[in-house]
1. Return only the number of the condition from (1) closer than 15 Å to L91 by Cα; (2) in a helix (DSSP H, G or I); (3) in contact with a helix residue (DSSP H, G or I) (Cβ under 9 Å, 6 or more places away or on another chain); (4) not β-branched (V, I, T) that L18 does not satisfy.
2. What residue, among those in segment 85-105 that are of a type outside the set (D, E, K, R) and loosely packed, with under 11 Cβ neighbours inside 10 Å, is farthest from I61 (Cα to Cα)?
3. Could you check, for segment 74-87, whether at least one of its residues is out of contact with any strand residue (DSSP E or B) (no Cβ under 8 Å at 6 or more places or on another chain), part of a helix (DSSP H, G or I) and either under 22 Å from L22 (Cβ atoms) or not acidic (D, E) (or both)?
4. Limited to segment 87-108, what total is found for residues that are within 19 Å of the chain's Cα centre (by Cα) and without any contact (Cβ under 8 Å) to a residue 40 or more places away in the chain?
5. Looking only at segment 30-84, filter to residues that are aromatic (F, W, Y) and closer than 30 Å to D6 by Cβ; which one of those is surrounded by the fewest Cβ atoms within 10 Å (Cβ to Cβ)?
6. On the given criteria, is A56 farther than 25 Å from D19 by Cβ, without any contact (Cβ under 8 Å) to a residue 60 or more places away in the chain, assigned to a helix (DSSP H, G or I) and of a type outside the set (D, E)?
Amino acid sequence: MTTIDDRRKALLNRLAELDSRLHTIEAELDTEHSKDWEEAAVEHEGDEVLEHLGQAGQDEIRRIRAALQRIRDGEYGYCAKCGAEIAAERLDVLPDTPLCRDCAASVG
């Protein structure tokens with residue numbers, strides 16, 4: 001059985017992984033672009049993909065930090081909308097989720 005401490009450690013590990021990935025993306029976006037028009041166009045497309053990945057990473061970081069705050073507050077594992085306990089199986093798949101399955105389905 002997975003404990004809250006196990007989940008906290010997993011969230012912290014994922015946070016460190018995302019932080020490292022975002023630094024790599026930032027470094028890649030800061031590199032000098034080619035003077036060649038065709039190469040610059042391809043690089044620009046690559047930058048758009050990196051920017052999207054960076055934004056997705058930042059969104060996940062916000063969700064993880066919110067989950068870590070819920071752990072600190074003693075609210076982790078309970079739905080932020082209805083207060084019901086979130087199923088362990090759901091937390092195994094989505095450890096940063098603030099919503100139970102039913103509330104998530106009604107939102108999305």
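The values are calculated or read from the model by the stated rules, or taken from the named source; none is laboratory data. These numbers come from a predicted model, not from an experiment. All Cβ positions, even for glycine, are placed from backbone atoms using ideal geometry, and neighbour counts span all protein chains on display.
1. Against the list (1) closer than 15 Å to L91 by Cα; (2) in a helix (DSSP H, G or I); (3) in contact with a helix residue (DSSP H, G or I) (Cβ under 9 Å, 6 or more places away or on another chain); (4) not β-branched (V, I, T), L18 comes up short only on (1).
2. So in segment 85-105, the residues of a type outside the set (D, E, K, R) come out as 86-88, 91, 93-95, 97-100, 103-105.
Among the residues that remain, those that are also loosely packed, with under 11 Cβ neighbours inside 10 Å are: 93, 105.
Numbers: V93: 16, A105: 22 Å.
Looking at residues that are of a type outside the set (D, E, K, R) and loosely packed, with under 11 Cβ neighbours inside 10 Å, I get A105.
3. Taking every residue of segment 74-87 in turn, none turns out to be out of contact with any strand residue (DSSP E or B) (no Cβ under 8 Å at 6 or more places or on another chain), part of a helix (DSSP H, G or I) and either under 22 Å from L22 (Cβ atoms) or not acidic (D, E) (or both).
4. 12
5. First pass over segment 30-84, keeping only residues aromatic (F, W, Y): 37, 76, 78.
Filter once more, keeping what is closer than 30 Å to D6 by Cβ: 76, 78.
Working: Y76: 21, Y78: 15.
Result: Y78.
6. No.
Table: residues versus (1) at pLDDT 95 or above; (2) among the charged types (D, E, K, R).
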{"residue": "M1", "(1), (2)": "no, no"}
{"residue": "N13", "(1), (2)": "yes, no"}
{"residue": "L22", "(1), (2)": "no, no"}
{"residue": "A27", "(1), (2)": "no, no"}
{"residue": "T31", "(1), (2)": "no, no"}
{"residue": "E39", "(1), (2)": "no, yes"}
{"residue": "D47", "(1), (2)": "no, yes"}
{"residue": "L53", "(1), (2)": "no, no"}
{"residue": "Q58", "(1), (2)": "no, no"}
